[in-house]
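Can you keep this structure in mind? I'll have questions shortly.
The values are calculated or read from the model by the stated rules, or taken from the named source; none is laboratory data. Predicted model, so just to flag it, every value in this text is computed and none were measured. Don't worry about glycine lacking a Cβ; one is built from the backbone with ideal geometry, like all the others, and counts go over all protein chains shown.
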């Protein structure tokens, strides 16, 4: 009666599986640190949070702030020299760790309020409210 069993050929020179008896490469290639494997659980390469750069009292800003009491995204506000033609606002008070614009309600001379948040990896790490006066044609 025929058999259905298959027998694999035997390798006459088997490769050792014991690391103590495995052949050693006499000229190993050094591991390049730039191509080393990446641990998926390691922190991202940039582990330094962004340094907060709040504006101090007396700082002048340009850009345009909306005339609104509700939060709106503003991307064009930057620090400028107070003698610059495009200096539109001057910071008169700063409140840290808040985005509550009503904090400026009790600061005399406030004409505008502006909040800013610093995020890192999607989490807010700092927040500020700035009480401002308008300069030139931006004065109220």
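Taking segment 89-106 as the region of interest, how many residues are more than 23 Å from the chain's Cα centre (by Cα) and loosely packed, with under 14 Cβ neighbours inside 10 Å?
Counting residues in segment 89-106 that are more than 23 Å from the chain's Cα centre (by Cα) and loosely packed, with under 14 Cβ neighbours inside 10 Å gives 3.
Another question about this same structure. Filter segment 57-76 for residues that are at pLDDT 90 or above and part of a loop (DSSP other than H, G, I, E, B); which is surrounded by the fewest Cβ atoms within 10 Å (Cβ to Cβ)?
58
Within segment 107-116, count every residue that is more than 14 Å from residue 138 (Cβ to Cβ) and loosely packed, with under 12 Cβ neighbours inside 10 Å.
Qualifying residue count for the region: 1.
Let me ask something else about it. Just checking, does segment 98-113 include any residue being in a loop (DSSP other than H, G, I, E, B) and out of contact with any strand residue (DSSP E or B) (no Cβ under 7 Å at 6 or more places or on another chain)? Give the steps one after another, and end with the answer.
Within segment 98-113, the subset in a loop (DSSP other than H, G, I, E, B) is 98-100, 107-111.
Among the residues that remain, those that are also out of contact with any strand residue (DSSP E or B) (no Cβ under 7 Å at 6 or more places or on another chain) are: 108.
Within segment 98-113, one or more residues are in a loop (DSSP other than H, G, I, E, B) and out of contact with any strand residue (DSSP E or B) (no Cβ under 7 Å at 6 or more places or on another chain).
Going through segment 125-140 one residue at a time, which ones are in contact (Cβ under 8 Å) with a residue 40 or more places away in the chain and at negative phi?
Listed by number, the residues that qualify are 125, 126, 128, 130, 131, 132, 133, 134, 135, 138.
Specify which of the listed residues (68, 102) is closer than 19 Å to residue 54 by Cα and out of contact with any helix residue (DSSP H, G or I) (no Cβ under 8 Å at 6 or more places or on another chain).
On the way: 68 fails: closer than 19 Å to residue 54 by Cα.
Only one candidate qualifies: 102.
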